[in-house]
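Enquirer: Attaching a single structure in C-alpha cells format; questions to follow.
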Amino acid sequence: MSTTHNSAEQDKLDVDNVLAGDVAAFEGIVRRWQGPLINLAYRFVGDRARAEDMAQEAFLRAFRGLKAWRGDAAFSTWLFALATNLYRSELRRIPAHTPLDEIPEPADPRPFGCDVEGRSRDRVVRRAVDALPAKYRDALILFYFQEMDVAAAALSLGIPAGTLKARLSRGRKLLESKLPATFERRPREETACPQETR
Amino acid sequence: MTDDSLHDVLAKEFSASEDIVPSAGFATSVMDAVHREAAIPPPIPFPWKWALPGAVVCLAFMVVLIAKGIHAAFAASASAAALPVGHLPAWIIGLAAVPTPIWLGAEWALLALGVSLLAAWIPMHFTARE
C-alpha cells in the first residue's frame, strides 16, 4: 500500500515537473510503467516486438496529452485507459487473431498430460481468446491482467463494472463452447509424462 | 471444459505472473522519441488581431455590393413598372444608396488581383517572422 502511495506521489511530482518544462522528468514515468504497459500490450498481441512498439506509442501519447490528466483519478488509471484505447485501436487496424470459427478442434480427444502438451493447450486457449469478438477479448485480457480487479479493469476500458461482468461471462461461455471438453482437470498421476514413469 | 479449469488457464495465461521483461534500451528509445517530440516548435497561432478587422471590412463590403446588385437588378428589370424599387426592403435601399468610388465599379479585375496578392503576402510575412 505504501509502495503504491509513493508511486502515486512520484507520478504527480514527475508530471508537474514535465508540465513545468523539465522533459527529462518524464523518464521516471517511463521507467516505472514500462513493464506494465509492455506486458498489457503483450497480452493483446502476443508479440514482444510489437508490444514494445505499441507501448512506446502509448508513452508518446501520454507525453503529448499530459495536460489532460486533471488528477481526479490516479495517474496509473489514466495511463492504462490511454494505453488500452491505443492497443484496441491497433488491434482493429492490424488484428492479432484468427476468426473463432477457424480455430481447429484438436483431433486427439485424450487428455493433455505433459508440460509440452500443457504449453500446447495454453497456445490453443490463447488463440481462442484472440479470436473472440473484441469486446469480450478485451474484457478477459484486462480482467486477468489487473489481477481480477473488476473496478480497475472497467476503468481501463471506460465501461461500467456491470457491463464488464456481463462481457466476462459471455466471453467465458464462448470459450467453453469452443474449447474441447478434455480440458477437464485430471488427477496428477494420470497426467504424468511417459518419460517420467520410466 | 469447466468454468473453474478455464478460469485457471486464463489466469495463468494473462495474469501478471507471466510478465515479460522490457528489453534493454526501451526506456532510452522512448525518451529519445519524447525529446524529438518536445523539440518540435508549437504551431503558429492564428493572427486574429490582424485577420478579424479585415474579415469584418470584407464582409461589410460584400453586403453593400449584394445590396447594390439587388437594387440594380430590380431597377433594370423589364417589369420595373410592375415591381417598383420601393417594394424592396428598406435596408437594401439604404445600402444601395451608400456612395462608392466611381472607379470601383469598373476595376473589378484590379480589385480581385489586389485581394489575391494580399492573401499571398500576409501568410508569407508571418511565416518569415517565425
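Conditions (1) within 24 Å of A:Leu79 (Cβ to Cβ); (2) of a type in the set (Asp, Glu); (3) assigned to a loop (DSSP other than H, G, I, E, B); (4) in contact with a Phe, Trp or Tyr (Cβ under 7 Å, 6 or more places away or on another chain), marked per residue:
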{"site": "A:Arg127", "(1), (2), (3), (4)": "no, no, no, no"}
{"site": "A:Asp138", "(1), (2), (3), (4)": "yes, yes, no, no"}
{"site": "A:Tyr144", "(1), (2), (3), (4)": "yes, no, no, yes"}
{"site": "A:Ala151", "(1), (2), (3), (4)": "yes, no, no, no"}
{"site": "A:Ala154", "(1), (2), (3), (4)": "yes, no, no, no"}
{"site": "A:Ala166", "(1), (2), (3), (4)": "no, no, no, no"}
{"site": "A:Arg170", "(1), (2), (3), (4)": "no, no, no, yes"}
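Enquirer: Another question, then. So is B:Ile122 surrounded by 11 or more Cβ atoms within 10 Å (Cβ to Cβ), within 19 Å of the chain's Cα centre (by Cα) and either modelled with pLDDT under 80 or not polar (S, T, N, Q) (or both) or not?
Expert: Numbers: surrounded by 11 or more Cβ atoms within 10 Å (Cβ to Cβ): yes; within 19 Å of the chain's Cα centre (by Cα): yes; either modelled with pLDDT under 80 or not polar (S, T, N, Q) (or both): yes.
Yes; evaluated as a whole, the condition is true for this residue.
Enquirer: Suppose we keep only residues that are modelled with pLDDT under 80 and more than 7 Å from chain A (Cβ to nearest Cβ) within region B:13-32. Which one would you say is farthest from A:Ala49 (Cα to Cα)?
Expert: Top of the filtered list is B:Ser17.
Enquirer: Within region B:74-90, take every residue that is assigned to a loop (DSSP other than H, G, I, E, B) and at pLDDT 60 or above and give me the one that is nearest to the chain's Cα centre (by Cα).
Expert: Restricting attention to region B:74-90, the residues satisfying the condition of being assigned to a loop (DSSP other than H, G, I, E, B) are B:77-84, B:88-89.
Those left that are additionally at pLDDT 60 or above: B:77, B:88-89.
On the way: B:Ser77: 38, B:Leu88: 34, B:Pro89: 32 Å.
Among those residues, the one meeting the criterion is B:Pro89.
Enquirer: Mind telling me which of the residues B:Ile93, B:Ile102 ends up being in a helix (DSSP H, G or I), over 28 Å from the mean Cα position of the chain (by Cα) and either at pLDDT below 60 or over 30 Å from B:Pro45 (Cα atoms) (or both)? Steps first, answer last, please.
Expert: Numbers: B:Ile102 fails: in a helix (DSSP H, G or I).
Just one listed residue meets the conditions, B:Ile93.
Enquirer: How about region B:33-73: which of its residues are part of a helix (DSSP H, G or I), of a type outside the set (A, V, I, L, M, F, W, C) and more than 10 Å from every other protein chain (Cβ to nearest Cβ)? Break it down stepwise before answering.
Expert: Narrowing region B:33-73 to residues part of a helix (DSSP H, G or I): B:33-39, B:48-73.
From what's left, of a type outside the set (A, V, I, L, M, F, W, C): B:35-37, B:49, B:53-54, B:68-69, B:71.
The answer is B:Lys49, B:Pro53, B:Gly54, B:Lys68, B:Gly69, B:His71.
Enquirer: Report yes if some residue within region A:42-62 is touching a residue at least 40 places away in the same chain (Cβ under 8 Å), of a type in the set (D, E, K, R) and facing chain B (nearest Cβ under 8 Å); otherwise report no.
Expert: Checking region A:42-62: at least one residue is touching a residue at least 40 places away in the same chain (Cβ under 8 Å), of a type in the set (D, E, K, R) and facing chain B (nearest Cβ under 8 Å).
Enquirer: Here's a follow-up. Which residues, counting only those in region A:151-169, are within 14 Å of chain B (Cβ to nearest Cβ) and under 14 Å from A:Phe80 (Cα atoms)?
Expert: A:Ala152, A:Ala153, A:Ser156
Enquirer: Quick one: would you say A:Phe143 is modelled with pLDDT of 80 or more and either under 16 Å from B:Asp8 (Cα atoms) or at the interface with chain B (Cβ under 10 Å from one of its Cβ atoms) (or both)? Full working, then the answer.
Expert: Details: modelled with pLDDT of 80 or more: yes; either under 16 Å from B:Asp8 (Cα atoms) or at the interface with chain B (Cβ under 10 Å from one of its Cβ atoms) (or both): yes.
Against the criterion (modelled with pLDDT of 80 or more and either under 16 Å from B:Asp8 (Cα atoms) or at the interface with chain B (Cβ under 10 Å from one of its Cβ atoms) (or both)), A:Phe143 qualifies.
Enquirer: I need a count of the residues in region A:3-33 that are out of contact with any Gly (no Cβ under 8 Å at 6 or more places or on another chain) and closer than 23 Å to B:Ile40 by Cβ.
Expert: Matching residues across region A:3-33 total 16.
Enquirer: So, one more: Return the residue satisfying two criteria in turn: it lies in region A:3-41 and is among the charged types (D, E, K, R) and within 9 Å of chain B (Cβ to nearest Cβ), and of such residues it is nearest to A:Leu60 (Cα to Cα). Full working, then the answer.
Expert: Going residue by residue through region A:3-41, those that are among the charged types (D, E, K, R) are A:9, A:11-12, A:14, A:16, A:22, A:27, A:31-32.
Then drop every residue that is not within 9 Å of chain B (Cβ to nearest Cβ), which leaves A:27, A:31.
Details: A:Glu27: 12, A:Arg31: 14 Å.
Selected residue: A:Glu27.
The values are calculated or read from the model by the stated rules, or taken from the named source; none is laboratory data. The model shown is predicted, which means the values in this text are computed figures rather than measured ones. Here the Cβ is made from the backbone with ideal geometry for all residues, glycine too, and neighbour counts use every protein chain on show.
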